[in-house]
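Worksheet for the structure shown next.
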């Protein structure tokens, strides 16, 4: 029996296990010969001591409590639940509900993230524009590269979504399209982040965040003189 099947068998036999959730490449149908299984084992609090998180080249066995699965404060972890598969749910659908809660931000969450990330976008391109103005092209390029995280967070947040892990960016767009002009987003953001500045600002304005841009005053003109 392989380690994944062994885990499923052991978990199913333990009444303290409340749920099993498959994440990662296997959940999304993207597995290769190098992929491991990523499985979240959801325990009741009383049984948690019988299990511990274990990671190997073939299986990551990650222990959560039900309350831990309900905690959405750890933002970087939440995209792991996008496309996840619930293998066991002994709480009459509650495990599936909590997985969806992790994977889908609320409107207020997305709005807050989008505004914060938009401010970061302008900041990075303001730095880059000033460096280009001074002829410091390497520094400018580094700032443009650093803008990628802010750009992707802004774009997906303003669409009410979590920013995908880079590995799953193409999978996300293929399965949950944003539509034009974002179809070639992975290639475009990798090749020329600055080409996205104008279109992201347009998206932000349509989403009601013009005030974030206006707060930069004349500095925004410096950015637009370089990036449109």
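The values are calculated or read from the model by the stated rules, or taken from the named source; none is laboratory data. The model shown is predicted, which means the values in this text are computed figures rather than measured ones. Neighbour counts run over all protein chains shown; Cβ positions are idealised from the backbone, glycine included.
Structure notes:
- Some residue of region 20-30 being outside any helix (DSSP H, G or I), at pLDDT 95 or above and surrounded by fewer than 16 Cβ atoms within 10 Å (Cβ to Cβ): yes
- Test for residue 79: is it assigned to a helix (DSSP H, G or I) and closer than 17 Å to residue 165 by Cα: yes
- For region 90-103, the condition of being in contact (Cβ under 8 Å) with a residue 40 or more places away in the chain, outside the structural domain of residue 65 (by TED's automatic domain parsing), touching a helix residue (DSSP H, G or I) at 6+ places or on another chain (Cβ under 6 Å) and surrounded by 19 or more Cβ atoms within 10 Å (Cβ to Cβ) holds for none of the residues.
- Tally of residues being in contact (Cβ under 8 Å) with a residue 24 or more places away in the chain, under 23 Å from the mean Cα position of the chain (by Cα) and in a strand (DSSP E or B) across region 39-74: 9
- Residues that are in contact with a strand residue (DSSP E or B) (Cβ under 7 Å, 6 or more places away or on another chain), modelled with pLDDT of 95 or more, within 15 Å of residue 104 (Cα to Cα) and surrounded by 15 or more Cβ atoms within 10 Å (Cβ to Cβ) do not occur anywhere in region 57-66.
- Pairing residues of region 75-89 that are on the phi > 0 side of the Ramachandran plot and free of Cβ contacts under 8 Å to residues at least 12 places away in the same chain with residues that are part of a helix (DSSP H, G or I) and buried (at least 19 other Cβ atoms within 10 Å of the Cβ), at Cβ distances under 8 Å and at least 6 apart in sequence or on separate chains, gives no pairs at all.
- Residue satisfying all of: in region 104-114; assigned to a helix (DSSP H, G or I) and under 16 Å from the mean Cα position of the chain (by Cα); surrounded by the most Cβ atoms within 10 Å (Cβ to Cβ) among these: 114
- So residue 151, is it closer than 19 Å to residue 106 by Cα and under 23 Å from the mean Cα position of the chain (by Cα): no
- Criterion (at pLDDT 95 or above and touching a helix residue (DSSP H, G or I) at 6+ places or on another chain (Cβ under 6 Å)) met by exactly one of 122, 212: 212
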